[in-house]
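The values are calculated or read from the model by the stated rules, or taken from the named source; none is laboratory data. All of these numbers come straight from a predicted model, not from anything done at the bench. Here Cβ is always computed from backbone atoms with ideal geometry, including for glycine, and neighbour counts include all displayed protein chains. Side chains included, ligands, DNA and RNA excluded: accessible areas come from the protein's heavy atoms. Shrake-Rupley method; radii C 1.70, N 1.55, O 1.52, S 1.80 Å.
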Amino acid sequence: MLISCNEVGFEEANIEALCRIGDSTKKVKGRTKGYIGEKGIGFKSVFKVANVVHISSKGYKFRLDRRCMLGMIAPIFEDFPPENLIDELRTQIDRKQTQLILELLRKSEFDDISNELKKIKPQILLFLHKIRKLIIHTPEEDVQFEIQRDIEDKDLDRKETATLTTTFLQGDKKTKERYLIVRRVGRVSVKDDRRENVKVAEAILAFPLDEQGRPVAHSQDTYAYLPINDYGFNVSCFFSNFSNL
């Protein structure tokens, strides 16, 4: 499994955080809002489906191997891409990007991940602040999701809107969906010792619109950064602290 990102690349602190338990560069001292990335264990979840992960970013090239003593936290420096990489993936390597290669445990993991990737919907981009384009390749389908935001849409009384474009790369078929975005910030009612300075949480509602800007009523998912479930709402919902709002 190949994961690529056109970010600026890892700094030394990012590498150290990947190779430790309980350390995260996403921690922001004194922050008053936000609920992600402070535990320092998220990356280790790759070892549930893979024995080895190869990493290349901004000159750093190494692997983490759970089969070795301390292999999940002790980096083994190597060339990238690894010699045993299949040709199909080798043609997709871009040395200018941050890239991770997961050597999956079994075909069952490959099938499960492939099935989950096919379930991802473009609406996820409504609630991911930094990602503007997401391209997903599976054996059956290549699809691209892209978002274009308009903070003051003149066609909708200068309200915030977003347009989602889905492109099926194999047939070059495109679909577009437009959403009205409503944001609300509320105070957190339940204190969490891990986030003692966090006092507010944001809720975002995304209302689907037709080409004339009229509401379109159909069931939408609820998100807390990632999809939670379909609760029957005719609006996509995002809660930065789902349990406390």
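Sorting 6-13, 121-128 by average packing, meaning the other beta carbons within 10 Å per residue, from highest down gives 121-128, 6-13. On the basis of the beta-carbon distance and an R0 of 51 Å, C19 and K118 show a calculated FRET efficiency of 0.95.
Go through the stretch 47-128 and name the GluC sites (Glu not before Pro) that are in a DSSP coil and have 14 or fewer other Cβ atoms within 10 Å of their Cβ. When the GluC sites (Glu not before Pro) of the stretch 47-128 are filtered for loop state and at most 14 Cβ neighbours within 10 Å, E78, E83 remain.
About its Cα centre, the dipole of the stretch 112-204 is roughly 400 debye, where the only charges are +1 on Lys and Arg Cβ and -1 on Asp and Glu Cβ.
About its Cα centre, the dipole of the chain is roughly 960 debye, where the only charges are +1 on Lys and Arg Cβ and -1 on Asp and Glu Cβ. A cut-off under 12 angstrom between Cβ atoms defines the neighbours of E78, and their net charge, with Lys, Arg +1 and Asp, Glu -1, is -1.
Farthest towards the positive end of the charge dipole of the chain, among the residues V200, G9, T167, is the Cα of V200, using unit charges on the Cβ of Lys, Arg, Asp and Glu. Neighbours of R132, meaning other residues whose beta-carbon lies under 9 angstrom from its beta-carbon, give a summed charge of +2 when Lys and Arg score +1 and Asp and Glu score -1. Residues Y60, Y225, sorted by accessible area with the largest first, give Y60, Y225 [1.4 Å probe; ligands and nucleic acids excluded].
How much net charge surrounds L104 when only other residues with a Cβ under 11 Å from its Cβ are counted (Lys, Arg +1; Asp, Glu -1)? Once all neighbours under 11 Å are counted, the net charge is -1.
Based on every Cα atom in the stretch 81-163, Rg and the maximum pairwise Cα distance Dmax equal 17.4, 57 Å.
Of the residues T222, T163, ranked by 1.4 Å probe accessible area with the largest first, the sequence reads T163, T222.
Between the Cα long axis of helix 107-119 and the first principal axis of the chain there is an angle of about 20°, rounded to the nearest 10. Residue separation of D210 and I3 scaled by 0.36 nm, minus their Cα-Cα distance, works out to 71.1 nm of gained length.
Computed from the C-beta positions of V185 and N229 and an R0 of 25 Å, the FRET efficiency is 0.60 to the nearest 0.05.
DSSP beta bridges fully contained in the chain are about 95 percent antiparallel.
Pairwise Cα separations in the chain fall into 5 Å bins from 0 onward with the following percentages, short to long: 1, 5, 10, 14, 16, 16, 15, 11, 8, 3, 1, 0, 0. One Cα centroid belongs to the stretch 56-78, the other to the stretch 212-226; the line between them spans 41 Å. If I model the stretch 136-194 as equal point scatterers sitting on the Cα atoms and use the Debye formula, what is log10 I(q)/I(0) at q = 0.14 Å⁻¹? The Debye formula, applied to the Cα set alone, gives -0.63.
In a solvent-free Debye calculation with one equal scatterer on each Cα, what is log10 I(q)/I(0) for the stretch 152-244 at q = 0.15, 0.21, 0.24 Å⁻¹, listed in the order of the q values? Per q value, in the given order, log10 I(q)/I(0) is -0.72, -1.09, -1.22.
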